[in-house]
Amino acid sequence: RIFVDPGDVVLAEAPSYVGALGTFASYQADVVHVELDEGGLIPSALRETLERLRREGRRVKLLYTVPTFQNPAGVTMTTARRAQILEICAEYDILVVEDNPYGLLGFDAEPMRALRADDSERVIYLGSFSKTIASGLRVGWVLAPHAVRAKLVLAAESAILCPSSFSQLAVREYLTTQPWREQIKDFRELYRARRDAMLDSLASMMPDGCTWTRPAGGFFVWLTLPEGLDAKAMAPRAIA
C-alpha cells in the first residue's frame, strides 16, 4: 500500500507464498517471478530479470523473498547468495521484503543470519508468532527503517483500525514469563518427525520421475512431477 502503484513490478521467487502474491495483486502490482533452486533465489537470474525489466522501462519496487525454509518450496538461501542478493538490490536500488516466519524452526542447525542483519536500511523484515507460539495468535512484527515504520503504522491503522490488543498482550506475557526457547525446541522436534514421515512416504509411494525438496526446517516440501503430467489437471482430484 505504501510503495506499490498500479503497474509497478514486485519480484518474487518461483514459486512464492500465495498469501503475499494475493496481496500484491490486490494493489495491482505486476508480479515477476525469479528462478530458485536448492540454494534459494539464484543471483544471476535476479540480475538477468532486473536487466530485462530495465530495458523494458518497467519500474521495480520490491523484491519479496522468504529466504529460510521457503514457503512453499522448502529451500533455504545459502549464506553466499544472501550477500550477492543484497549487493544486486543495492546496485539496482530496490527494497527487499524479507519474510521470515520459519527461521527459528530449523531441524539441524542454528538459525541463519537474516538479510536485514547486513542491510538495515534496505531490508524490511517480517516475522510472526503464529509459527513459534500458537497458530491462532495472528501477531506479527516488522523491522524497518524509521521513516518506513511510521508510514506502516499509518497504513495499518487505516486498514484494520486497531490490531488485537489482547493477542499482543498475551504474546508479551508469554515471552516475559515462559521458557519460549525451550518450546521452540519441542516444535523443532515435532516438525522434524513430520518432515521425515513425509519424505519417507514420498520415497516409498511416488513413481519414477518425481523429485522433491528436502527441507532443513519449516513446514514445506515441494514436489515436481514427471514430464507429461499436468499438475493443474490433477489438483481437483487431489483436493477431492
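Some observations on this one:
- Scanning region 158-178 for residues that are loosely packed, with under 10 Cβ neighbours inside 10 Å and either on the phi > 0 side of the Ramachandran plot or outside any helix (DSSP H, G or I) (or both) turns up L161, C162.
- Once region 100-133 is narrowed to residues that are farther than 18 Å from R194 by Cβ and among the charged types (D, E, K, R), the residue that is modelled with the lowest pLDDT is E110.
- Among (1) open to solvent by 60 Å² or more (accessible area, probe 1.4 Å); (2) closer than 23 Å to K61 by Cβ; (3) touching a residue at least 12 places away in the same chain (Cβ under 8 Å), the one test that R138 misses: (2)
- Pairs with Cβ under 7 Å, 6+ apart, first in region 223-240 and β-branched (V, I, T), second open to solvent by 60 Å² or more (accessible area, probe 1.4 Å): T224/T211; T224/W212
- Considered as a group, the residues in region 40-83 that are of a type in the set (G, A, S) and open to solvent by 10 Å² or more (accessible area, probe 1.4 Å) include one that is farthest from the chain's Cα centre (by Cα), and that residue is G57.
- Options R113, R81, R54; residue that is touching a residue at least 12 places away in the same chain (Cβ under 8 Å), touching a strand residue (DSSP E or B) at 6+ places or on another chain (Cβ under 7 Å) and of a type in the set (K, R): R81
- For region 179-196, a tally of residues being among the hydrophobic types (A, V, I, L, M, F, W, C) and exposed (fewer than 14 other Cβ atoms within 10 Å of the Cβ) returns 2.
- Every residue from region 89-119 that is within 18 Å of the chain's Cα centre (by Cα), of a type in the set (G, A, S) and part of a loop (DSSP other than H, G, I, E, B): G103, A114
- All positions within region 5-39 that are touching a residue at least 60 places away in the same chain (Cβ under 8 Å), open to solvent by 30 Å² or more (accessible area, probe 1.4 Å) and of a type in the set (G, A, S): none
- Subset tally (residues that are open to solvent by 60 Å² or more (accessible area, probe 1.4 Å), within 15 Å of G74 (Cβ to Cβ) and more than 19 Å from the chain's Cα centre (by Cα)) for region 197-223: 2
- Qualifying residues in region 224-240 (those that are small (G, A, S) and not in a loop (DSSP other than H, G, I, E, B)) - the one nearest to M77 (Cα to Cα): A231
- Screening A150 on (1) in contact with a Ser or Thr (Cβ under 9 Å, 6 or more places away or on another chain); (2) without any contact (Cβ under 8 Å) to a residue 60 or more places away in the chain shows it passes everything except condition (1).
- Condition met for Y125 (among the hydroxyl-bearing types (S, T, Y) and not in a loop (DSSP other than H, G, I, E, B)): yes
The values are calculated or read from the model by the stated rules, or taken from the named source; none is laboratory data. Here the structure is a predicted model, which is why all the values come from computation and not from measurement. Note that we place each Cβ from the backbone using ideal geometry, even for glycine, and neighbour counts take in every protein chain shown. The protein model used for the area step is the full one, side chains on, heavy atoms only, and it has no ligands, DNA or RNA in it. Shrake-Rupley method; radii C 1.70, N 1.55, O 1.52, S 1.80 Å.
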